[in-house]
């Protein structure tokens, strides 16, 4: 897991991470790995907005990976927002406003507890499109969150965009804001027993006078019971 | 310098970005204007309305079109841009549109129509500038650029015009230098080709055409043994085994 965390740039001071998830694959393991890494940091705070997977799912994953989310909630290191429970009846305008209010309130509570290294994770922005939000309103939300992350030194955001291959307008616009862009997709060549999919990691350069992309690499992954195995493309071959 | 080609000549300059440099768009345009010592103003989404009230002659850099599209409806955005173009107090108007970040399909053709000069950033090292001249045809040229490296120096890439006579001459030369000639035979060559019998075809020829020594189907191997040849004896080598 440590290899995955460092390869994806979670250990670096990156403020805006975007995860693009294709329609036929699951990238929640990245969120689980990130939560584990952030909770191990001293005096860290986390806001988890569970849209695609429930809190119970992440709690169960955490136990397999060696951390306890329920304990983090009781220690007030972790704050959970579950839109499926409290936002489902809201209209489009209210929904975005309510989500923004939830983020600001939880952020304030964590800051009041003197938490540093605060991370806000939105597990699947495309979920709000199912509730009636337009792509434009979600891009505006992304812009607001990016602005907020630039204002506060200790704050970083992780946004996951599910079905990114269908919502290309949303994902293309969010890509431009990202410091790290992770794209998770299935192998184009078909199914393979030892590999579940491919992660493309693009680390962007935020300084203006040098190229946009700092580094770009692609890794194959396999999700085991308690870990994620990484391998380089081309590593697997015929063994004669 | 790239700025010599872009700044100061045309009223509405549009950058069409097919690479994804929107994040750096303002830096790139500002640098071009600074190279030419032009006074400019940046207009964000909420202040575009204010640019209608500009009194002194200035160049205006508006927000990337993808950001304006989030705030304005297609029609009102088109009207606004048209109005800005007609504003006499604006000396030059710069807009940046990234193709992948645009929702509306009609916006880019409209902007191309509206612009006086369009800079197509087609790759990280090439761009082409289309300039609409008032009393002549539009002029399009391709240049190499280093926009991302903080330099706006460019080199013109010459694309030679294709002359039909040159093409014909080239094809003739190509024919002469070919090792094999496939097809395109003269009548004489075609006849010679038809009459030529290849060795494997001789087997099917009628008997009268063959010489007397030919033994059709009676092939045998003629072998003269050498002194040192080691032939297997006819005796059974396992004869001494008692089973």
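We did not get these values from a lab; they are worked out from the coordinates using the rules stated. A quick note: this is a predicted structure, and the numbers were derived from the prediction, not measured. In this analysis, Cβ positions are derived from the backbone assuming ideal geometry, glycine residues included, and neighbour counts consider all displayed protein chains.
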Response to the item:
Residues A:95, A:230 in order from fewest to most other beta-carbon atoms within 10 Å are A:230, A:95
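How many partner chain Cβ atoms sit within 10 Å of a residue's Cβ in peptide B:120-132, on average, as a whole number?
0
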Response to the item:
Expected sort for A:180, A:18 with the fewest Cβ neighbours (10 Å cutoff) up front is A:180, A:18
Item to complete: Using only the C-alpha atoms of chain A, find the volume of their convex hull and express it per residue in Å³.
Response: 132
Worksheet item: Arranged by the count of other C-beta atoms within 10 angstrom, fewest first, what order do A:52, A:226 take?
Response: A:226, A:52
Worksheet item: Does anyone have the angle between helix A:135-151 and the longest principal axis of chain A? Alpha-carbon axes, 0 to 90°, nearest 10?
Response: 80
Worksheet item: Hey, what did the stretch A:49-189 get for relative contact order, percent, Cα under 8 Å, at least 6 apart?
Response: 24
Fill in: Inter-label distance for residue A:200 and residue A:60, nm, one decimal - labels placed 7 Å from Cα along Cα-to-Cβ
3.2
Discussion item. Can you tell me, using C-alpha contacts under 8 Å and at least 6 residues apart, the relative contact order of chain A as a whole percent?
Written reply: 27
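Taking 45 Å as R0, compute the FRET efficiency from the Cβ-Cβ separation of residue A:217 and residue B:191 and round it to 0.05.
0.10
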Fill in: the stretch A:59-145 shape via C-alpha gyration tensor axes, a/c threshold 1.5
prolate
Worksheet item: Points 7 angstrom from Cα along the Cβ direction at residue A:114 and residue B:30: gap in nanometres?
Response: 3.9
Worksheet item: Once fully extended, how much extra length lies between residue B:229 and residue B:39, figured as 0.36 nm per residue of separation less the alpha-carbon to alpha-carbon distance?
Response: 58.3 nm
Item to complete: Give, as ranges by residue number, the residues of the stretch A:159-173 whose backbone N falls under 18 Å from the point 7 Å along Cα→Cβ of residue B:105.
Response: A:166-170
Fill in: Inter-site label distance for residue B:125 and residue A:91 at 7 Å from Cα along Cβ, in nm
5.5
Discussion item. Given 20 °C and 1.002 mPa s, compute D for the stretch B:13-130 with the Stokes-Einstein relation, Rh being the Kirkwood radius over Cα pairs; round to the nearest whole µm²/s.
Written reply: 148
Item to complete: Take chain A, connect every pair of alpha-carbon atoms lying under 10 Å apart with a spring to form a Gaussian network, then pick out the residue of A:176, A:124, A:112 with the largest mean-square fluctuation.
Response: A:112
Item to complete: May I ask for the angle, rounded to the nearest 10°, between helix A:28-40 and the longest principal axis of chain A, with both axes built from Cα atoms and the value confined to 0 to 90°?
Response: 60
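Based on the Cβ-Cβ distance from residue A:131 to residue B:169, what FRET efficiency comes out when R0 is 56 Å, to the nearest 0.05?
0.25
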Discussion item. Let's test the formula: R0 of 25 Å, r as the Cβ-Cβ distance of residue A:191 and residue A:84. What FRET efficiency results, to the nearest 0.05?
Written reply: 0.20
